[in-house]
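A short reminder: the numbers here are calculations on the coordinates, not readings from a lab. This is a predicted model, so every value here is computed, not measured. Here the Cβ positions follow ideal geometry from the backbone for every residue, glycine too, while neighbour counts run over all protein chains shown.
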Ligand SMILES: Nc1nc2c(ncn2[C@@H]2O[C@H](COP(=O)(O)OP(=O)(O)O)[C@@H](O)[C@H]2O)c(=O)[nH]1
Ligand SMILES: [Mg+2]
Ligand SMILES: [Zn+2]
C-alpha cells in the first residue's frame with residue numbers, strides 16, 4: 001500500500017474500517033455496528049474518506065456495498081454474464097427467459113441435471129432479485 005493511493009471497498013460491516021485502523025493506528029476511521037436485524041451492516045461510513053498516511057501514501061475508506069446490482073444490465077441479459085449459465089440460455093423456450101420460473105427453461109433443467117452448480121444458480125438469482133426491470137440512467 002505504501003507510495004500508492006489505495007481505495008478499500010467491499011460489503012459493509014465486514015470490518016474494512018477496523019482493519020485500516022489496525023494497520024494504521026494513527027488513522028481514525030469510524031467503525032460501525034452490524035445491524036442485528038438485517039445482519040447486512042449499517043452504512044456507518046456514509047461517504048468515502050481520504051486520509052494521508054505519509055506524503056506518498058493515501059488511504060480511502062469507502063462505505064462499501066450492501067448488495068450487488070449491476071448497473072445497466074437488463075434482467076433478461078444477466079445470464080450472459082455467467083459463463084457457466086450462458087451456454088444453456090439459447091435452449092430456453094422464451095428468448096426473454098430470466099431462468100426464474102418460466103416453463104421450458106433450459107437453465108433450470110441444467111441445474112436439475114447438475115450441469116450448473118446450485119450455488120452458482122443461487123448467486124444468479126440473488127443478483128437477479130436486485131436488478132430493476134427498467135434501468136434508471
Ligand atoms: N468479531 C469481529 N468483529 C469485527 C472484526 N472486525 C470488525 N469487527 C466489528 O464489525 C463491525 C463493523 O466493522 P467496520 O470496521 O465498521 O466494518 P466496515 O463497514 O467494513 O468498515 C464493528 O462492530 C467492528 O467492531 C473482526 O475481525 N471480528
Ligand atoms: Mg467502514
Ligand atoms: Zn431460461
**Request:** Can you tell me how much longer the chain between residue 83 and residue 118 gets when fully stretched, taken as 0.36 nm per residue apart minus their C-alpha distance, in nm with one decimal?
**Result:** 11.2 nm
**Request:** Compute the distance in nm between two label points, each set 7 Å from the Cα along the Cα-to-Cβ direction, one at residue 4 and one at residue 22.
**Result:** 2.0 nm
**Message:** Between residue 60 and residue 47, what is the label-point separation in nm under the 7 Å Cα-to-beta-carbon projection?
**Reply:** 1.4 nm
**Three-way shape call for the range 75-130 based on the alpha-carbon gyration tensor, with the a/c threshold at 1.5** = rounded
